[in-house]
1. If you fit an axis through the alpha-carbon atoms of helix 102-111 and take the longest principal axis of the Cα set of the chain, what angle between them do you get, 0 to 90°, nearest 10?
2. For a quick check of your reading of the filter: which trypsin sites (Lys or Arg not before Pro) in region 142-191 sit in a DSSP loop and have no more than 15 other Cβ atoms within 10 Å?
3. First select every other residue whose beta carbon is under 13 angstrom from the beta carbon of Gly168; then total the charges, Lys and Arg +1, Asp and Glu -1.
4. Any chance you could run the full-extension gain for Arg134 through Trp98? It's 0.36 nm times the residue separation minus the Cα-Cα distance, nm to one decimal.
5. Plugging the Kirkwood radius over Cα pairs into Stokes-Einstein for region 15-62, at a temperature of 37 °C and a viscosity of 0.692 mPa s, what D comes out in µm²/s?
6. Can you pull the percent of the chain's accessible area that's carbon plus sulfur, 1.4 Å probe, other chains left in place?
7. Solvent-accessible area of Tyr135, probe 1.4 Å, all protein chains present, reported in Å² to the nearest ten, please.
8. If the convex hull of the alpha-carbon atoms of region 158-204 is projected onto planes in all directions, what is the mean projected area in square nanometres?
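The values are calculated or read from the model by the stated rules, or taken from the named source; none is laboratory data. Computed from a predicted model, the values in this text were never measured in an experiment. So basically every Cβ, Gly included, is an ideal-geometry build from the backbone, and we count neighbours across all protein chains shown. Protein only, heavy atoms only, side chains kept; ligands, DNA and RNA dropped before computing areas. Shrake-Rupley method; radii C 1.70, N 1.55, O 1.52, S 1.80 Å.
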Amino acid sequence: MRTLPVGPDALLVEVANGEEAQALHADLLRRRAEGSLTVREIVPAARTVLLDGLPDPARLAAELTSRPVPPLPPRADGTVEIPVRYDGPDLADVAAHWGVGEAEVARIHADAEFRVAFCGFAPGFGYLTGLPARYEVPRRSTPRTSVPAGSVALAGPYTGVYPRSSPGGWQLIGTTDVVLWDHTREPAALLSPGTRVRFVPVAPTGPVT
């Protein structure tokens, strides 16, 4: 673990991998909830956690580096289910990369239990982990200038759902009608770090329920 000061009252904590980042984030949230940690914001990323609004960043840095990262706690009850039509334009390419048929890509993906590791890129976009490492896929060599909202996509170890139309280089394997970001909703984002997610297949020509 390595800590880096960020301004007068923030701290960036670097760990070895994404699982440690998720575990540290969960532990820091727990400590803030129980009142043993005073911090305004706790923001996870791929291998870091940013803490902003600390009364004494140096003291916390010394404490964190003196002990190992705690294990990731058991997953909380409650899962967000996202209906998905496995009809994406890159489904055949992903199937070829995995060495399976297109229907098997859908089965493998839908059988996995995902967890939001962190959020970023666009409001409501979560980076979901859960697929075994052998199913990692590269980004497209040429990004698309416009990816439709609701596209379910893969890149590296992550699954993501585009909350709005935007450029993107991820491999598109499906689509969903679920609204990932709604500023009139509380909270506006459907997904947040630590949320459990499952993708539920629906027929490409059938209604989304």
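1. 30
2. On the way: sites: Arg144, Arg164, Arg185; in loops: Arg164, Arg185.
Answer in residue order: Arg164, Arg185.
3. Details: positive: Arg139, Arg140, Arg144, Arg164; negative: Asp90.
Its environment carries a net charge of +3.
4. Working: separation 36, 0.36 × 36 = 12.96 nm, distance 0.80 nm.
Result: 12.2 nm gained on full extension.
5. 299
6. On the way: 5680 of 10550 Å².
C and S fraction of accessible area: 54 percent.
7. For Tyr135, solvent-accessible area is about 40 Å².
8. Values: hull surface 17.6 nm².
Across all orientations, region 158-204 yields a mean hull projection of 4.4 nm².
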